[in-house]
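First up is the structure itself, then whatever we jot down about it.
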Amino acid sequence: MRLAGLKPARVATLESGTRMIRSLLHDQGVEVGAARPARLPHPRPVPVWVAAAGPRTLRAAGRVADGVFIRAGRHPAVIEAAVQAVREGAREAGRHPDAVRLGLVLHTALEDDRARALLIGKSMAAGYFEYSPQLFATVGLAWDGPNIHDLQKQIFPDFHHHTDLVESGTLVDFLPTAAADAFSVRGSADDVAAQLVEVLSLGIAFDLVVTQPVPNPPPPGGQTPDFMERMAHEVLPVVRARLG
């Protein structure tokens, strides 16, 4: 929403909108102030997933969604807190917590240049602090630098989507390495594989794990292997082997 110049929906709006979408997909009429309830001509019970980071949004997603993409970093504390919030929301709605499927989105800087990967990771950490500063407290970190809103004026549109993530990472190079560790997956193929194994060994059953490439990779077909190729050939086989 912010990338489109719009304000994010309020939690209540997200919740009511998700209920409406699920009702339509399950062939239930939705009141829209017309002569008769609205219905889809060809409804199908397609699962509705919601991406969330903050606790209120996570609980709301647990109340109404079929699945929740947790987008809060890779530190065990934020992942476990997010899963707990989803399950609390499910219980509030009288749903079984296990009825809500779980996905995890991890900003992944697959970079053999570890110094570059570290700066990208710091930019990811700053991006989380921009909109969900409570996540820093969850992992025991503090923001010991210039005001984030002053720094925002030097990038566009934010620390997750700036055109040069090394540049934006350099702006927040005061952040400790622990911040990059908490909010990104980064480094060489071996580094990324090891970090994914750590996450997948937490004992949480994720239906989907999305390794979101940062920065956006170039189109496939170039002179060097692209992100998808490297993940498929250099990272995932190692992860599978280590997890047995």
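Scanning segment 197-209 for residues that are more than 14 Å from His75 (Cβ to Cβ) and touching a strand residue (DSSP E or B) at 6+ places or on another chain (Cβ under 9 Å) gives Leu200, Ala205, Phe206, Asp207, Leu208, Val209. When segment 193-244 is filtered for residues that are assigned to a loop (DSSP other than H, G, I, E, B) and polar (S, T, N, Q), the ones remaining, listed by number, are Ser201, Asn216, Gln223, Thr224. Residues of segment 183-200 include none that is more than 22 Å from Val235 (Cβ to Cβ), modelled with pLDDT of 95 or more and surrounded by 18 or more Cβ atoms within 10 Å (Cβ to Cβ).
Can you pull out every residue in segment 53-71 that is in a helix (DSSP H, G or I) and either hydrophobic (A, V, I, L, M, F, W, C) or within 18 Å of Phe183 (Cα to Cα) (or both)?
Filtering segment 53-71 down to residues in a helix (DSSP H, G or I) leaves 55-64.
Selection gives Pro55, Leu58, Ala60, Ala61, Val64.
Annotation: of all residues in segment 222-244 being over 10 Å from Ala189 (Cα atoms) and among the basic types (Lys, Arg), the one that is surrounded by the fewest Cβ atoms within 10 Å (Cβ to Cβ) is Arg240. Among the residues of segment 114-170, those that are among the acidic types (Asp, Glu) and closer than 29 Å to Ala189 by Cα comprise Glu130, Asp158, Asp164, Glu167. Restricting the first member to segment 39-57 and to residues that are without any contact (Cβ under 8 Å) to a residue 40 or more places away in the chain and at negative phi, and the second to residues that are assigned to a loop (DSSP other than H, G, I, E, B) and surrounded by 14 or more Cβ atoms within 10 Å (Cβ to Cβ), the beta-carbon pairs closer than 7 Å and six or more apart or on different chains are Val48/Ala65; Val48/Asp66; Val50/Ala65; Ala52/Arg71. Leu110 meets the conditions (1) within 23 Å of Ile204 (Cα to Cα); (2) buried (at least 19 other Cβ atoms within 10 Å of the Cβ) in every case but one. The failed one is (1).
Here the condition is being under 12 Å from Val199 (Cβ atoms) and in the same structural domain as Val192 (by TED's automatic domain parsing); of Glu80, Glu92, it holds for Glu80 alone. All of His107, His96 fail the test of being over 15 Å from the mean Cα position of the chain (by Cα) and either at positive phi or of a type outside the set (Phe, Trp, Tyr) (or both), apart from His96. State whether the residues of segment 3-25 include one that is of a type in the set (Asp, Glu) and assigned to a loop (DSSP other than H, G, I, E, B). Scanning segment 3-25 turns up no residue that is of a type in the set (Asp, Glu) and assigned to a loop (DSSP other than H, G, I, E, B). Scanning segment 76-89 for residues that are touching a helix residue (DSSP H, G or I) at 6+ places or on another chain (Cβ under 6 Å) and surrounded by 22 or more Cβ atoms within 10 Å (Cβ to Cβ) yields Val78, Ala82, Ala85, Val86, Gly89.
Looking at segment 79-168, what helices (runs of 4 or more DSSP H) fall wholly within it and have at least 1 residues that are farther than 24 Å from Thr57 by Cα and among the acidic types (Asp, Glu)? Please lay out each step first, then the result.
On the way: elements: 114-131, 134-138, 148-152.
Helices (runs of 4 or more DSSP H) meeting the threshold: 148-152.
The values are calculated or read from the model by the stated rules, or taken from the named source; none is laboratory data. Because the structure is a prediction, the values reported are computed rather than measured. A quick note on method: Cβ atoms are made from the backbone with ideal geometry, for glycine too, and the neighbour counts reach across all protein chains shown.
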